[in-house]
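Below: the structure, in structure tokens.
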Amino acid sequence: MTKPDIAGARNLQTTGGSAVKSPSRPAEIIDLRERNFNMLKQDLILRNPLRLLGQEDQYILPEGSMGAVLARAGVGKTALMVQIALDTLLRGKNVLHVSMDDPVDKVSLWHKEVFGNMAAQYNLPHANQLWDSILTKRFIMTFRVEGFSVPKLEERLHDLTEQNIFNPQMIIIDGFPFESAAHEPLRQLKAFAVSNRLRIWFSVRTHRHEQLGATGMPPRLSKLDDLFGVILQLQPDGKKVHVKVSKGFRNADEYPELLLDPATMLINQTSK
């Protein structure tokens, strides 16, 4: 059923016995702009090759799950995680980016540059306004590695949610210390993800000399496999960087071949 145009009815004025519609009011202009932004967001989501890795709900990770992006230093882990974050922001969900490597301004620059590259690649109109509209759904939090603990993260998040400042639906954790004793903190984070229906992504640094297991995890982290629902690997091959799904799909034929462009740091699809 079509909803009555109450705003339009209230906007009618009577002049000499005939009804004349006055110029659109600011609220209607704002509503029209919001609809245009929603169309632009949907367009970007549909153009993003990452959606091809999505499940039935179009997210790569189910709620209450953890995912990992594995690669050697400098290959593109942060760039891929930022694209996952941007895709989630465009879907209207809140994203918390936790960094243990970089300060807030550098993380913010990462997001802005990757979004700018996406906008340029797809010739997106009104990119600056769209960028401003999704920023309200992003929050950046930094920790020193030695100062991070799951109770501290929960405490800081509790402060934000209690004051209605921010309530995340996805968390990106970049720089988590997998080199040290990570098993118990990760189990705590998995429980936190389940209880809060969160999707949590981690960057995991691998090393050139390591022989990776079937799921892509190096032997030193093989006992952590069961904590992650999806594992993505970035594999350099000459000037190409392949995005390989090591866990989360039953076989390689179930997902498209994706590449990370080292120039733009964007994910592109290629034919097999």
Can you give me the number of residues within segment 123-142 that are open to solvent by less than 40 Å² (accessible area, probe 1.4 Å) and either in a loop (DSSP other than H, G, I, E, B) or over 30 Å from residue 187 (Cα atoms) (or both)? 6
So which residues in segment 153-174 are out of contact with any helix residue (DSSP H, G or I) (no Cβ under 7 Å at 6 or more places or on another chain) and either on the phi > 0 side of the Ramachandran plot or hydrophobic (A, V, I, L, M, F, W, C) (or both)? 153, 157, 160, 164, 165, 171, 173
Sole exception among (1) assigned to a helix (DSSP H, G or I); (2) crowded, with 17+ Cβ neighbours inside 10 Å for residue 69, by number: (1)
Determine the pairs where a residue that is under 13 Å from residue 65 (Cα atoms), located within segment 214-232, has a partner that is in a helix (DSSP H, G or I) with Cβ atoms under 6 Å apart, the partner being 6 or more residues away or on another chain. 227/186; 227/190
Which pairs have Cβ atoms under 6 Å, sit 6 or more apart or on different chains, and link a residue in segment 143-166 that is within 24 Å of residue 177 (Cα to Cα) and assigned to a helix (DSSP H, G or I) to one that is open to solvent by 80 Å² or more (accessible area, probe 1.4 Å) and at pLDDT 95 or above? none
Restricted to segment 72-111, and to residues that are assigned to a helix (DSSP H, G or I) and without any contact (Cβ under 8 Å) to a residue 12 or more places away in the chain, which residue is surrounded by the fewest Cβ atoms within 10 Å (Cβ to Cβ)? 105
Selection within segment 181-222 - modelled with pLDDT of 85 or more, among the charged types (D, E, K, R) and in a helix (DSSP H, G or I): 184, 187, 190
Within segment 210-219, can one find any residue that is under 18 Å from residue 63 (Cβ atoms) and loosely packed, with under 13 Cβ neighbours inside 10 Å? no
Number of the exception - residue 60 against (1) of a type in the set (Val, Ile, Thr); (2) buried (at least 22 other Cβ atoms within 10 Å of the Cβ); (3) modelled with pLDDT of 95 or more: (3)
Being under 30 Å from residue 46 (Cα atoms), touching a Leu at 6+ places or on another chain (Cβ under 7 Å) and surrounded by fewer than 19 Cβ atoms within 10 Å (Cβ to Cβ), is that true of even one residue in segment 168-188? yes
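The values are calculated or read from the model by the stated rules, or taken from the named source; none is laboratory data. As the structure is a prediction and not an experimental result, all values here were calculated from the model. Note that we place each Cβ from the backbone using ideal geometry, even for glycine, and neighbour counts take in every protein chain shown. Only protein heavy atoms, including side chains, enter the accessible area calculation; ligands, DNA and RNA are left aside. Shrake-Rupley method; radii C 1.70, N 1.55, O 1.52, S 1.80 Å.
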